Amino acid sequence: MDEEVQPKGAPLEPFIGESGSEVDRNNRVTVYSVTETPPWYLSVFLAFQHYLTAFGSNIAIPLILADGLCLQHDSLTQSHLINTIFFVSGLCTILQVTFGIRLPVLQGGTFALLTPALAMLSVPEFQCPSWIQNASVVNTSSPLFIEVWQTRLRTLQGSIMVASLLQILVGFSGLVGFLMRFVGPLTIAPTISLIGLSMFDAAGVRAGSHWGVSAMTAALIIMFSQYLRLIGMPVPVYSKARKLHTKKFYIFQTMPILLGIAVSWLLCHLLTIYDVLPSDPDGYGHQARTDVKGDVVSQASWFVLPYPGQWGTPTVSLAGVIGMMAGIVCSMAESVGDYHACAKLSGAPPPPKHAINRGIGMEGIGSLLAGAFGTGNGTTSFSENVAALGITKVGSRMVILLSGVVMILMGVLGKVGAIFSTIPNPVIGGMFLIMFGVIAATGISTLQSTDMNSSRNIFVFGFSLFSGLVIPNWVAKNPNILVTGRSEVDAVLQILFTTHMFVGGFLGFVLDNTIPGSKRERGLFTQDETHLEASGTLETVDIYNLPFGMTKWLSSLPWVRYIPFCPGASQTKARCRRQEQELLGLSPLGLP
């Protein structure tokens, strides 16, 4: 292992190349670029690290959905959902890296679809029966109970699948560039922030089951990720140039959530063994015991194979589809930003239009697959894994491909999902305090390109954010206020107006596009469209080309230039521009 996993802000040491010469790592964006492949042992290690980085978000989504699906007392089914979301995330990652954007972007569950999903499950039609709240009454193997949660999950599946068609259409038709002209930071900021802020109740319920354990979990994650992030642990490595030596591995910065959960989980297990925590289900702190969810690990199969339609034939809800579409639009805007950030951190040129179109379209296919498999969620690019590229300085897409394989393997191991489902509620609550707080702050951080000294921008963001909290809360407390006499319309209005991110994002979108303001003031900077496609450099072609010689074959077809997601269109345009320049006697830069 010649390379050291370096965190941001750490002093950079010389990098020993294959030839033995020293290269200043400050002069390189990455140690391994997109098309390079690290040694197999380093690739496997980094692939598993990316899996652990995505662990927190992927495991949180099924656990949050469990209550709305009436599965709070069915840990075995929760474990199946965890297995399914990891399996589909791995599958979508492989598809995205191979045929999509072609950058090292990891795919996983999206919180943008979690909010409308919870809104859909909160309507009177899908509220859980009262008898399900009592763990002693619930028989998780009874046909009645199975039909209760499968009916809800099938409706969620069908709504996600239909809504994903919008993303497929927008991506492969090339409309994503047109839509992004109107979706600026003042639309994205309240939308993303409200995803985190709207989860305060879910975080509070779990954290409140034992505030001591929750506070400890949050404190550990804070300590690992903030105070100890620059402390490296020496690990023995071997290289031809330096033989056996040690390098520092910054474990606290790369996997703080996993370490925080593991330490708190272990302490809860010890407190359970010695009966320090109350065994009475009504006692405060009982939820912190590790034996609350029974023998789910022993009941779980060693191997499971998720497949489309495993919960039955999906059904469609019009209200659910419209709510999911709002989440899809938010997910697309976030992913476009992730693509550019990933390209920058992995040392690749900015992605051309055809690659972005293909990436968004492939994410739509991923959400379609996620709906078909029954994860209860869609798929999106993981920002935390993009950030990990800047830490490891390894931008190889082969590493992300291996991460997809690792997630598929973990999704097949039934015992792994069962183990994760037994994490005590207070530990999950502590993780939520950190995770959803960071999501809320991430939304606010998108305002850095806007002029926040502008009273216009302060008004748009403040009003959108506050209204996104007030209106859904009031509608949820007064469900009979939106009654039109048509049940379908009532359901649509109920879901939309109880979805925080939709209300805040919609108001931000309308106000930002109607109140006069300059593009610089609004944070809308026109991208240089000719930066990539006019250059036609070999580097760009190599990185964003389709695999298996598909690009070379497509470039020979004259009609390919009209397909917005095909690289042949960009290369044809670049070739035509170069020919025009040659006829005019100009250099590729436009100079005589």
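The values are calculated or read from the model by the stated rules, or taken from the named source; none is laboratory data. Predicted model, so just to flag it, every value in this text is computed and none were measured. Every residue, glycine as well, gets a Cβ built from its backbone with ideal geometry; the counts of neighbours run over all protein chains shown. Keep in mind that these areas ignore ligands, DNA and RNA; they rest on the heavy atoms of the full protein, side chains included. Shrake-Rupley method; radii C 1.70, N 1.55, O 1.52, S 1.80 Å.
Label region 54-107 by shape, choosing from rounded, prolate and oblate, from the square roots a ≥ b ≥ c of the eigenvalues of the Cα gyration tensor; if a/c is under 1.5 it is rounded, and otherwise prolate applies when a/b is larger than b/c, oblate when it is not. Numbers along the way, then the final one.
Details: a/c = 3.59, a/b = 2.86, b/c = 1.25.
Cα axes put region 54-107 in the prolate bin.
Annotation for region 55-83 versus region 123-176: alpha-carbon center distance of 12 Å.
Counting each pair of different Cα atoms once, what's the Kirkwood radius of region 118-271 in Å, rounded to one decimal? Write out the running numbers ahead of the final one.
Details: mean 1/r = 0.0469 Å⁻¹.
The answer is 21.3 Å.
Sorted by accessible area (1.4 Å probe), largest first, how do Trp149, Trp265 line up?
Numbers: Trp149 10, Trp265 50 Å².
Most to least solvent-accessible, the answer reads Trp265, Trp149.
Using only Cα atoms, locate the centre of region 360-420 and the centre of region 89-114, then give the distance between them in Å, rounded to an integer. If we compute the Cα centre of each part, the gap is 6 Å.
In loop segments of region 242-342 as defined by DSSP, the trypsin sites (Lys or Arg not before Pro) with at most 16 further C-beta atoms inside 10 Å of their C-beta are Arg242. Highest average first, the peptides 436-442, 276-282, 171-177, 158-164 ordered by how many other beta carbon atoms sit within 10 Å of their residues are 158-164, 171-177, 436-442, 276-282. Annotation: per residue accessible area for the chain equals 44 Å², rounded to a whole number [probe 1.4 Å, protein chains only].
Less than 5 angstrom separates the built amide H of Lys247 from those of Val235, Val237, all sequence-distant by 5 or more or on a different chain. Hey, for a label at Asn453 modelled as a point 7 Å past Cα toward Cβ, could you say which residues of region 496-526 have their backbone N under 17 Å away? Counting only backbone N, you get 518-523. Measuring only protein heavy atoms, the 1.4 Å probe finds Cys92 accessible over about 10 Å². Cα centroid distance between region 277-336 and region 475-517, in Å? So the two Cα centres are separated by 26 Å. Applying a threshold of 28 Å to the alpha-carbon distances of Lys240/Lys415; Lys248/Lys353; Lys247/Lys344 flags Lys240/Lys415; Lys248/Lys353 as lying beyond it. Taking the alpha carbon gyration tensor of the chain, multiplying each eigenvalue by 5 and rooting it gives semi-axes of 39, 31, 23 Å, largest first.
Ignoring ligands, DNA and RNA, how do Phe548, Phe461 rank by accessible area with a 1.4 Å probe, largest first? Working shown, then result.
On the way: Phe548 170, Phe461 30 Å².
Sorted by accessible area, descending: Phe548, Phe461.
Residues of region 61-93 with an amide N closer than 20 Å to a point placed 7 Å from the Cα of Thr315 along the Cα-to-Cβ direction: 66-72. Count Lys and Arg as plus one, Asp and Glu as minus one, and take only other residues whose Cβ is under 14 Å from that of Phe382; the net charge is then -4. Across the protein chains, with a 1.4 Å probe defining accessible surface, the residues Ile146, Ile444, Ile251 rank Ile444, Ile146, Ile251 from largest area downward.
Mean Kyte-Doolittle of at least 1.0 plus a Cα span of 20 Å or more along the axis: flag which DSSP H helices in the chain meet both, please.
Values: long enough: 40-68 (43 Å, 1.05); 75-99 (36 Å, 1.15); 143-173 (44 Å, 0.91); 256-273 (26 Å, 2.07); 318-345 (40 Å, 1.08); 353-373 (30 Å, 0.47); 397-412 (23 Å, 2.30); 425-445 (29 Å, 1.67); 455-477 (33 Å, 0.92); 500-514 (21 Å, 0.95); 567-583 (24 Å, -1.68).
In the chain, the long hydrophobic H runs are 40-68, 75-99, 256-273, 318-345, 397-412, 425-445.
His269 to Leu557: FRET efficiency via 1/(1 + (r/R0)^6), r the Cβ-Cβ distance, R0 60 Å, to the nearest 0.05? All intermediate terms of the calculation are to be shown ahead of the outcome.
Working: r = 61 Å, r/R0 = 1.02.
Calculated value: 0.45.
Would you mind working out the magnitude of the charge dipole of the chain relative to its Cα centre, with +1 at each Lys and Arg C-beta and -1 at each Asp and Glu C-beta, to the nearest 20 Debye?
Values: 34 positive and 34 negative charges, 209 e Å.
The dipole magnitude comes to about 1000 debye.
At a 1.4 Å probe radius, carbon and sulfur cover how many percent of the accessible area of the chain?
Numbers: 16960 of 25800 Å².
Carbon and sulfur atoms account for 66 percent of the accessible area of the chain.
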